[in-house]
Structures are given as C-alpha cells and as structure tokens.
Amino acid sequence: MPREIKLNLPLADDLFTTQKERDDIKREKVIEIHISEIDGFPNHPFQVRMDAEMQAMADSIKAMGIQTPAVVRKKEDGRYELVSGHRRKMACTLAGLETLPCIVRQMTRDEAIIAMVDSNLQREVILPSEKAKSYKMKLDAMKRQGSRTDLTSTPVAGKLRGKETAELIGEPSGDSKDQVRRFIRLNDLIPELQEAVDAWATGDKTQPQMAMRPAVELSYLPKEEQQVLYDSIETEACTPSHIQAMKIRKFSEEGRLNEDVISSILQEEKPNQVEQFKMPRDRISRFFAPDTPTQKIEETIIKALELYRQRERNRDAR
C-alpha cells in the first residue's frame, strides 16, 4: 500500500509574489471609491446636517482634499457600506468630487455597528436622541456578541472585564454608566418628546423643551399616555419638572392618569421656573444714577408701583 508523503510546498501566492507585496495585502490600504458605489449605514442614528460647518468642510476639502479616509465594508452585492465618514461623503459631494478615499475593512455586522457608533461619538455636537439610538444599537450588537447587558440591574451585577456593559458603551464619549442608561431610556419616548429633549439640549426655544431627568421618568409611560401628555404640554405651554414627571409616572402606574390629572400637575408652580419679568436697563437708566445697584433699582420701582396703585385706589374711591 503506497505511503502518503506530506510535503510543505509553498502556496501559489508565495511563489509569484514578494514578501513586501504579501505584507501590503495584509496592511490596510486607502483606495479611491466612486461615491455612487458607497451606501450609507442602515438606520444610521446620527444626522448629517447641511449647516455652516458642513459648508466649511466642503470648502476645506475642495482646497486641501480629504485628510482622513472614510471606513467602509464590502457588501455581498459588490457595493460598499459606509461605517464612518458620512459627513465627509456629503462634503465631497458638495465640493464636486466623484470619489472618496476609503479604507476597506473586513467587519461583521455587529463589529461595524460598534465601530460606527464609536467613531461618530467624537462629533462636537450630538443630540440626546442620536446618543439614545446609537447606544441602543451598540448595546444590541454587544448582546449578540455575547456581552453582558445588565443595563437595568444594580451596579454590583453583570461585570465584563471588571466593568459593566454600560461603562463600556459610554467610554468613547465619557458618559457614565448611569448616563448611558438614561440615554437608552429615551428610545421609549414618542418622537415629539424626544424632540423636546433635543430642544432642551440645544437651547431651541421654538418648541417645547424638556430636561433629561423628567424625560427618563416619562419614558415609562405607555405611548398613548405620552401623546396625551404632549398635547397637554402644548396646551399649558410648559413641560414637567423632574418632581412633576415622577408624579405623572406614579399616577400612570396606579392606573389613574388622565388629561385632567396631567393638566393639574403641569399647572403647579415650579419654584425654579417662575416667570421672570425683564426690562432693558437703558429704558430706565435716565431715572437713576449710573452706579445705582440693581437691587436698589428694583426696590425703587416696586415702591413707585405701590404708590401708583394706592393713588389709583384713592381716585376710584372718590
């Protein structure tokens, strides 16, 4: 019976390529890819805004080119999927370029999600709703990879390499584990309430603003009750404080929340939200010396108004 002899023969690629060429294949390269062949990341949670910063980026690219290549992964249909560089891609289009310098990286779907989230968390401006969606995507990806996902458990539970999953998720952006949990809770808000949290973060006064802590409390309400709440917010022209949101959540859990209860809670005076009356100082400066303290001006105006009211009463009594 013939004996099998094993020979350590070189591979064909080793015969017809140099060591340098083989090393280059293993090393990531930057290649130019036509923009029309690059698709955006599915359910990309970060907005690509057409603002002054985007125009400035386009002008810079037109003058100096792309300094940092985008990262893409090859799709089964032969096209490319953008992992990081969505703003750069739009800026290139605005600058009139047809190609985008990219690194083609072999990545699984979950590896791509984590890389996409982490790279975009370096942006200067990130809305709470964007962090909420991206943290949830990263959490789900880590869960599929077999990581612990104890984001709703006590701090002593569910450690991964000495850290909680929430800590690992928030590390790239510096968010604490508690803050990560709060952001993820925002995904349970209706879009209108998410926009109110974004408005609070950006200082947008053209729409209702709601702080993070009350928003987290309200995320536990059923969607139907959240919609009733938002309608009341628009009617009352105010959003709940943290304490008020806790009351609303308690009534909801007890099955006693309705429109009247919500309106009653919203109408409660908030000590830190009493409406302030302001008057430009130049309108009253002629009545006071230039160095008059603000408190003295306020006291004088109050006394003048009291005298005016007393005079009006005396005149009505005649």
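The values are calculated or read from the model by the stated rules, or taken from the named source; none is laboratory data. Remember, predicted model here, so these are calculated numbers, not experimental data. Every residue, glycine among them, receives a Cβ derived from its backbone with ideal geometry; neighbour counts consider all protein chains shown.
For Val48, the stated conditions hold: it is surrounded by fewer than 15 Cβ atoms within 10 Å (Cβ to Cβ), aliphatic (A, V, I, L, M) and under 23 Å from Ser173 (Cα atoms). If the condition is being of a type in the set (Asp, Glu) and crowded, with 17+ Cβ neighbours inside 10 Å, then the stretch 211-265 contributes Glu217, Glu225.
For Val117, the stated conditions hold: it is in the same structural domain as Lys131 (by TED's automatic domain parsing), hydrophobic (A, V, I, L, M, F, W, C), modelled with pLDDT of 90 or more and on the phi < 0 side of the Ramachandran plot.
Of the numbered criteria (1) closer than 30 Å to Gly174 by Cα; (2) surrounded by 12 or more Cβ atoms within 10 Å (Cβ to Cβ); (3) touching a residue at least 60 places away in the same chain (Cβ under 8 Å), the one Thr99 fails is (1). Exactly one residue out of Thr235, Thr239, Thr206 is free of Cβ contacts under 8 Å to residues at least 24 places away in the same chain and over 20 Å from Tyr135 (Cα atoms): that is Thr206. What residue, of Thr239, Thr235, Thr206, is of a type in the set (S, T, N, Q), over 24 Å from Glu268 (Cβ atoms) and either outside the structural domain of Tyr135 (by TED's automatic domain parsing) or out of contact with any helix residue (DSSP H, G or I) (no Cβ under 9 Å at 6 or more places or on another chain) (or both)? Criteria check complete, one pass: Thr206. Here Asp77 does not qualify as surrounded by fewer than 17 Cβ atoms within 10 Å (Cβ to Cβ), at pLDDT 90 or above and within 16 Å of Val180 (Cβ to Cβ). Of all residues in the stretch 174-200, those satisfying the criterion of being within 17 Å of Ala245 (Cβ to Cβ), among the hydrophobic types (A, V, I, L, M, F, W, C) and assigned to a helix (DSSP H, G or I) are Phe183, Leu186, Leu193, Ala196, Val197, Ala199, Trp200. Ala63 meets all of the listed conditions (1) under 22 Å from the mean Cα position of the chain (by Cα); (2) over 29 Å from Asp110 (Cα atoms) but one, namely (1).
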